[in-house]
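Bear in mind that the values in this text are calculations on the coordinates, not laboratory data. Computed from a prediction, not measured in an experiment: that's the story for all the values here. Because the Cβ atoms are built from the backbone with ideal geometry, glycine has one as well, and the counts that use them run over all protein chains shown.
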Amino acid sequence: MKWNLRLAAAQRGIWKASELQRMLAERGLVISVGKMSGLWSGNPVSIKLSDLDALCAVLDCGIEDIMSPEPGTFALPGTQAESQAATGGVRPEVTPKRRDGRSLPPA
């Protein structure tokens with residue numbers, strides 16, 4: 001998903017994260033400066049649906065204005081032949097490791 005909050009806000013005349021933060025607070029959604037910075041300038045890892053709903057209400061927009069799908073950026077599970085072709089048909093060797101950090105005894 002592509003995060004377009006900044007563009008959606010700019011289209012509505014909101015140019016600063018602090019201005020949007022104040023508008024959200026007026027609607028009852030208090031967002032910390034750090035969280036607002038992450039929403040404004042980046043791709044948030046997660047967001048509550050209620051927060052997303054508040055953003056849409058304040059910006060008077062739909063979810064499609066804030067987020068848009070990018071289907072080409074996520075590889076769907078393909079056939080086994082496709083995955084083997086990508087790795088050259090050779091699987092990398094997996095070496096088990098102990099949880100306590102100690103090395104395994106020699107083989």
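What to note about this one:
- Residue separation of Glu93 and Thr73 scaled by 0.36 nm, minus their Cα-Cα distance, works out to 4.5 nm of gained length.
- Cα convex hull of the range 2-68 - mean projected area over all directions, nm²: 3.9 nm²
- Listed values for the range 55-64 are Karplus-derived 3J(HN,Hα) couplings in whole Hz (6.51 cos²θ - 1.76 cosθ + 1.60, θ = phi - 60°), namely 4, 5, 5, 5, 7, 6, 9, x, 4, 5, and x replaces Gly and Pro.
- Ranked by how many other beta carbons lie within 10 Å on average, peptides 52-58, 63-69 from highest: 52-58, 63-69
- Straight-line cross-link partners of Lys35 among the aspartates and glutamates, defined as a Cα under 12 Å from its Cα and at least 8 positions apart when in the same chain: Asp51.
- Neighbour cut-off at most 16 other Cβ (10 Å), DSSP loop, chymotrypsin sites (Phe, Trp or Tyr not before Pro), the range 1-67: Trp15
- You can think of it this way: the chain between Asn43 and Ile63 has 5.7 nm of extra reach, that is 0.36 nm per residue less the Cα-Cα gap.
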